[in-house]
Structure formats: C-alpha cells, structure tokens
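Just so it is clear, none of the values below were taken in a lab; they were calculated from the coordinates. This is a predicted model, so every value here is computed, not measured. FYI the Cβ positions are ideal-geometry reconstructions off the backbone, even for glycines, and counts take in every protein chain you see.
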Amino acid sequence: MFITNLDDLSCIYNSADEKTNIVENFYNPVLSEAKLYYRSSGFFSSSILIEYIQGLDKFVSNKGRMKLLISPKLSFDDVVALSSASQGISLVKANIKELFESYRLFGEQSDLSAKILFKLIQEGILEVKIVQPRNELGMFHEKVSIFIDEADNLVVTNGSNNESSTAVNFNIESFSVFRSWFEGQEKFCEAYLSRFDKSWNGQINNYNVLNIYEAVSEEVFNLYESDRSIEEMFQSLRELRRKKNGKLADADQIPINEEHNSYHALNFKPYDFQIKAANSWLSKRRGIISFATGTGKTKTAILCIQSLLLNGYDRPFVIVVPDKTLLNQWSDELTPYGLNTICCYSEEPGWERRLKDFIDIIEFDDPEALFIITTTSTFRSNRFQRQLSKLKNNFIFLADECHRLGTEQLLKILPDVEYRLGLSATPDIYMDEAKTKKLFSYFGGKIAEFSLMEAINDGFLVSYDYYPIEVSLTDEEMCKYKELTHKVIRMIGSSDESTFSNLPHEVQMILFKRSRILYGASNKITKLSNLLETLKNESHMLVYCGVTSPADDDLINEETGKMGISQLEKVNDLLHSKSIVAAQYTQEEDLLERKKNIEQFKKGFISTLVAIKCLDEGVDIPEISTGIIMASSGNPREFIQRRGRLLRKSEGKDKAVIYDMIVVGEDESYQGINRTEMKRVYEFAKVANNWDELNVKYHSEFEMIDLEMENKNG
C-alpha cells in the first residue's frame with residue numbers, strides 16, 4: 001500500500017475541530033505507509049513518540065528512516081543573550097543537553113519514549129540535527145513535515161504545530177497538506193523538499209547546523225542505554241499508553257508515591273501528608289491546603305506543580321503572595337528547578353515589559369512552563385490585569401496565604417481558571433463569615449489539613465513552653481478604654497462585633513483606637529524590663545510589638561506597619577540599655593536591610609529581632625527559639641502565625657519558649673478584655689508542654705471558653 005491510497009486526507013487540519021483527532025486521522029496512517037520522514041520543527045519533545053506510537057511502530061517495522069531538524073528550546077532571555085553572546089554554540093548545547101537530560105524525569109512514559117528515541121538514533125533509523133542562531137536575535141522556527149513512500153510520492157505539511165505532545169493535544173494548531181500526485185501541488189512538495197535538503201546541509205544564512213552528537217555528550221546518551229529491542233520498548237509503551245488512556249491530571253493518572261519517578265526531580269522528599277494533599281488537589285483541581293505554619297505548605301504546592309509539569313502540563317502558573325518577602329522566597333524555591341520566573345511587583349523595574357514579552361512568545365510558540373509571581377497589590381493593578389487577560393484564563397492560579405484575597409476588591413477579580421490552589425494555615429476571614437464563604441467557594445473549600453498538634457507529635461515542629469505575663473492598664477488607660485467603649489455602644493448599641501466588616505467606618509476607627517490601648521499598655525515595658533533580666537544572655541529571641549500610635553489618622557491601615565512605632569521605640573531603647581544587640585524587622589527597612597538583619601541574626605551576631613507585623617506570614621527563620629509577644633489582636637490568624645514562626649525546627653533547638661503579655665484584671669471593667677485575651681491564652685496553652693500547670697491556674701476561664709465553644713458548635 002502507498003500513501004496515494006490515503007484518499008481521505010484533508011487539505012487542512014486544525015486541532016480546534018473536536019471531530020478530528022490529528023494523530024489518529026493524519027500522522028498514524030501517513031507514517032504507517034511512509035519510508036522516509038523528514039521534519040523541521042521549532043521544538044521537539046520525545047513525548048511526541050507517545051502520541052505517534054501506532055504509526056511510528058509500523059514505520060520502524062517497515063525499515064523507515066527519519067531526519068529531524070530542530071531548534072533548541074530557548075527562553076526569551078536566551079534569545080536576547082544570543083544577539084550579543086560569543087558563546088552561542090555552548091548555550092545551545094547546554095539547552096539541548098538539558099532537554100535530553102530532562103526526558104528521564106518526566107515520568108515512565110517519557111523516560112521510555114526517550115529510550116526509544118535514543119535507540120532510533122543508535123540504530124541509524126533517526127538522524128537529528130540542531131539549528132543554532134549565529135549571533136542573531138531569532139530562532140529556527142520552521143515547521144514542515146515531509147513523508148515519502150516507496151514510489152517517491154510526497155505528503156508535505158506546513159503549519160503552526162511543533163513536534164511536541166502539547167502541540168498536538170492542547171494547542172490550537174493548524175497545518176496545510178500538499179500531495180505530489182495532486183495536480184498543481186507537486187511544485188509545492190518539491191520546493192519544500194529542496195528547502196529541507198539545504199537546511200539539513202547547513203545552507204542557512206546566519207545559522208549553524210550541529211549534529212546531535214556535537215550537542216549531546218555520550219554521558220547523557222548513556223542515561224538511555226537499554227538492552228531491550230525497539231519492538232519490546234514499543235510494546236511496553238503501548239501498555240502504559242492504554243493504562244493512562246492518553247489523558248491528564250486525574251488523581252489516578254498522576255500517582256505520587258514513593259516509587260514515583262518525580263522524586264528524582266525534587267530537591268526534597270515529600271512526607272505522606274503532603275503527598276496525600278497533593279493527590280487530593282490534583283484530583284479535584286481546586287482546594288485549600290491548610291497546614292500548620294512551618295509544616296511545608298510551599299513544598300506541597302511545589303509537589304503539585306511538579307506533578308503537572310512532569311505530565312506535560314505547560315500552562316503558565318500565576319502565584320499571588322501578600323508581599324515582596326514571600327515573593328522572593330517563592331522565587332528562591334523555584335530557582336533550583338531551572339524554571340522561568342517573572343517577579344512582578346513595584347520594586348522590580350521592567351516587570352511589565354518582561355511579562356508582555358513572555359506572553360507574546362506563548363501566543364505564537366509552544367508554551368514553556370512560566371511562573372509569574374506577584375504581590376496582591378500588583379495583582380489587582382490595571383497594569384497586571386491587562387497582561388493577565390491575554391492568557392484568557394488558560395493558566396494555573398496559586399495563592400499563598402490565600403486568606404489575604406478575602407477583600408471585596410480582590411474577590412471580584414479572582415480568575416475563572418480550572419486549576420486553583422490556596423495555601424493558608426488560617427484560611428478563615430476573621431469576623432467575616434460572608435467573605436470566608438466566598439473565598440472557600442472560589443477555591444473549593446479545604447481539601448487537606450495538618451494541625452499544630454499533629455505536627456508537634458509527629459516531630460515536624462518543636463514543642464513549646466508557654467508563659468502568660470499578666471499586665472494591668474493604668475488608671476488613665478482604663479479611663480480612655482471605657483470612654484471609647486461607651487462611644488461604640490452609643491453608635492451601635494450592644495451589637496456583636498462578629499460583623500466587624502459591616503460596621504460603620506467611624507466605629508471601626510474607634511475600635512482600632514481602643515485595641516491600641518491594649519497593645520501599648522505602658523506596664524508592658526516594665527514587665528519586659530524584668531523579663532529581660534533573666535533572658536539577657538539568651539540568643540535568637542524575637543519580640544513582637546504592636547501598632548500603638550493613636551494619634552495617626554490612618555488607623556485602619558494596619559497592613560503597612562508604618563505607623564504606631566512608639567512601643568517599638570521603647571523596646572529598642574530598653575534592649576539597648578541592657579546591652580542586648582538587636583535589630584528591627586519592620587516595613588520601615590528595605591528588603592536588603594531585612595535580609596542582612598536576618599543573616600546576622602542566624603549567625604548569632606544579633607541576638608534579638610524586634611518586629612511589628614511583617615514576620616507574621618511566610619518568613620522562615622527557624623533559629624528563633626524564644627518569643628516575646630508584646631501585643632496581639634483577637635484575630636486568631638495573627639497569634640497562630642506568630643506561634644508558628646517560633647516552632648520551626650533548627651539544629652540544636654529542642655523546644656521553643658513563648659512569653660505572652662496579656663492584659664487582664666479582676667475589676668468588672670476588664671470583663672470584655674479578659675474574655676478576648678483568655679481565648680488567646682487558651683489557644684496557646686492547650687498545645688503547650690506546661691498545659692497541666694496552666695489549666696490549674698486558669699481552670700475556670702478555660703471551662704468558660706469550652707462551654708462557649710460547645711454552645712457555638714451546637
């Protein structure tokens with residue numbers, strides 16, 4: 001049988017046509033009848049062998065021969081570098097080497113198809129050459145296929161599709177088909193064949209053509225050495241193909257377990273609870289992973305990301321984080337994997353131009369895994385949203401500390417994408433059930449949890465001792481506190497503050513002022529002075545201060561930490577007076593100064609860090625072993641995050657110690673204050689090493705809290 005017998009071939013194939021399977025309806029039947037297959041492609045992946053398995057198997061058994069002319073998969077930065085680099089060849093070789101090395105990491109099918117690829121080259125069935133730009137801003141981007149049968153009949157295609165699994169399965173691609181035995185098409189076929197021959201022989205202006213053995217070392221090829229025959233490997237690949245059914249991203253189709261090949265690509269070994277969480281998300285494609293602070297939410301997210309990548313899923317990833325500190329941590333986490341990242345935030349010049357360039361490349365070429373990391377403030381900006389809209393919701397959305405998206409403005413612009421992953425130890429929106437419901441609805445609710453008690457008991461976090469330090473208000477402070485309370489009652493009556501976000505703005509302002517009286521109670525400095533006498537020789541201490549400047553007009557903006565540093569100044573002065581070497585970690589310091597302070601702290605040159613809010617989320621300083629909480633709101637997220645900072649494991653650290661300044665009193669005026677403060681004490685105490693001692697001291701208060709919780713839960 002000859003190619004000329006395939007009368008049902010179409011003139012144009014388009015992957016957008018749901019009724020047409022390009023591999024089944026074109027490649028497999030044409031390859032089955034061809035003796036020669038020439039292909040020039042901007043990008044080639046051995047994963048395409050998985051798609052062409054039926055036709056290629058027959059092609060090989062018919063003693064067919066292939067010539068493949070490809071371009072290295074260069075990032076935009078690589079292409080720009082080539083325009084001025086004298087090391088173009090070495091850069092290309094490095095990219096091709098990386099391409100071949102990576103095949104073995106992409107799961108069993110890809111590893112096996114790469115071994116087939118090597119065997120085809122080894123046995124002379126396949127010849128591969130690489131086209132390298134010679135100091136030019138550009139790349140070899142031709143996409144032509146030529147099939148020749150025993151009678152020298154030609155089928156030629158020219159179109160947008162690269163030689164990759166993604167191109168034939170996921171991209172919207174099209175190509176035209178020319179047949180030499182059709183009147184008027186012979187000259188097109190001959191012209192394409194002549195053009196391919198010239199390219200193959202290196203007759204391309206401004207480009208070099210390298211033999212595969214010039215670009216890939218024998219050491220790399222040895223990774224794919226196999227004693228099995230091509231026929232045996234094709235049979236194994238067919239069996240794997242049947243099992244997986246060619247589909248992607250169901251939990252039973254992306255197994256993560258201790259035998260999974262993907263472990264070789266990770267720079268950490270995931271724990272069982274992380275594997276379970278990742279599989280749950282991969283199955284549902286949505287969900288919030290709620291692990292205790294310090295138990296590896298980021299690592300679990302990377303496990304999810306990598307599982308998609310290793311199975312050919314190459315849509316862009318958009319990662320939203322609260323601030324630039326977490327943004328840089330995410331960038332650092334992804335760097336070892338050699339992934340393309342763009343950091344988008346105000347202090348990164350040119351981010352918009354760079355993002356636009358990458359998105360433009362995605363629009364005309366096979367997408368390369370791209371990670372767009374941005375802060376919430378940049379994410380909601382028009383500049384970012386304008387670029388993001390070009391992706392048409394065809395990306396994976398990941399939000400670290402996802403509770404920070406629970407505002408009216410952000411909830412309205414969350415993207416309508418298929419894959420959504422939220423990370424947070426405390427995903428509930430404080431005192432706002434409606435926004436919590438919206439956030440959970442968007443992400444699909446919590447799909448995995450790992451509590452603090454589990455983390456401590458299983459040895460992922462250190463245990464801790466907890467010591468509440470009782471502080472009373474001065475008469476002046478209590479008088480001011482009562483005055484503000486009466487103002488609130490006059491404005492809203494005795495309404496429950498659980499609907500805080502719905503309260504009038506003026507009432508919110510008053511409540512913030514009132515809270516700051518507790519944060520900045522002057523007796524706390526006296527208590528701290530006494531405590532430091534016993535701790536002044538300790539290292540790796542952290543002191544959390546509160547926002548305590550009632551004179552500021554911008555009282556509601558607690559996120560910035562720029563106002564209210566009076567308590568911070570007093571603490572710094574006190575530490576200095578006791579010759580304790582300390583440094584600030586607040587929004588007032590730039591990123592470089594913060595990094596320097598952390599490094600000095602980790603090395604022991606600075607014994608104490610003094611912070612306001614910016615250590616609450618994401619910052620990883622496991623060396624901290626002693627924490628002094630000068631001020632904490634009633635928001636459980638705040639004190640849960642702060643506790644989590646202290647419990648991370650570090651060499652030589654067997655436990656942490658937490659001192660908590662609590663404002664309490666026996667006078668009736670303290671009734672509401674006591675209730676708020678004791679809820680935090682109870683939360684800390686119930687997991688502490690010294691629970692028994694604390695339960696004796698605060699037994700009646702803890703019983704009351706238990707009773708309230710039982711009534712609330714019904």
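Points to keep in mind about this one:
- Taking other C-beta atoms within 10 Å as the exposure proxy, 458, 57 rank 458, 57 from fewest upward.
- With 0.36 nm allotted per residue and the present C-alpha distance subtracted, the residue 573-residue 238 stretch has 113.4 nm of extension available.
- Efficiency of FRET between residue 581 and residue 356 - r from beta-carbon atoms, R0 41 angstrom, step 0.05: 0.30
- Per DSSP, loop GluC sites (Glu not before Pro) in the stretch 618-714 with at most 11 further Cβ within 10 Å: 651, 666
- The residues 330, 281, 200, when put in order of fewest to most other Cβ atoms within 10 Å, stand as 200, 330, 281.
- Average Cα contact separation per residue, the stretch 248-456, under 8 Å, 6 or more apart, as relative contact order %: 30
- Cross-link pairs exceeding 22 Å in C-alpha to C-alpha distance, out of 482/513; 297/603; 58/115, comprise 297/603.
- Relative contact order of the stretch 571-714, taken over Cα pairs closer than 8 Å and 6 or more residues apart, is 16 percent.
- Of 356/412; 67/143; 324/653, those spanning more than 20 Å from alpha-carbon to alpha-carbon: 356/412; 324/653
- The packing ranking of peptides 28-34, 287-293, 378-384, highest mean first, is 287-293, 28-34, 378-384, where packing means the average number of other beta carbon atoms within 10 angstrom of each residue.
- Electrostatic dipole magnitude of the stretch 248-456 [Cβ: Lys, Arg +1; Asp, Glu -1; Cα centre; debye, to 20]: 640
- Label-zone membership for the stretch 501-527, site residue 491, 7 angstrom Cα→C-beta point, backbone N under 20 Å: 501-520
- Here the calculated FRET efficiency for residue 25 and residue 191, from their Cβ-Cβ distance with R0 = 30 Å, stands at 0.70, rounded to the nearest 0.05.
- Relative packing of peptides 2-12, 61-71 - highest average C-beta neighbours within 10 Å first: 61-71, 2-12
- With a Förster radius of 45 Å applied to the C-beta separation of residue 2 and residue 284, the computed FRET efficiency comes to 0.35.
- Dipole magnitude (debye, nearest 20) for the stretch 307-400, charges at Cβ of Lys, Arg, Asp, Glu: 440
- Sorted by Cβ density within 10 Å, fewest first, the residues 505, 486: 505, 486
- Selection from 451, 439, 306, by position along the positive dipole direction of the stretch 248-456 (Cβ): 439
- Annotation: for a label point projected 7 angstrom from Cα along Cα→Cβ of residue 508, residues of the stretch 459-493 with backbone N closer than 17 Å are 488, 492.
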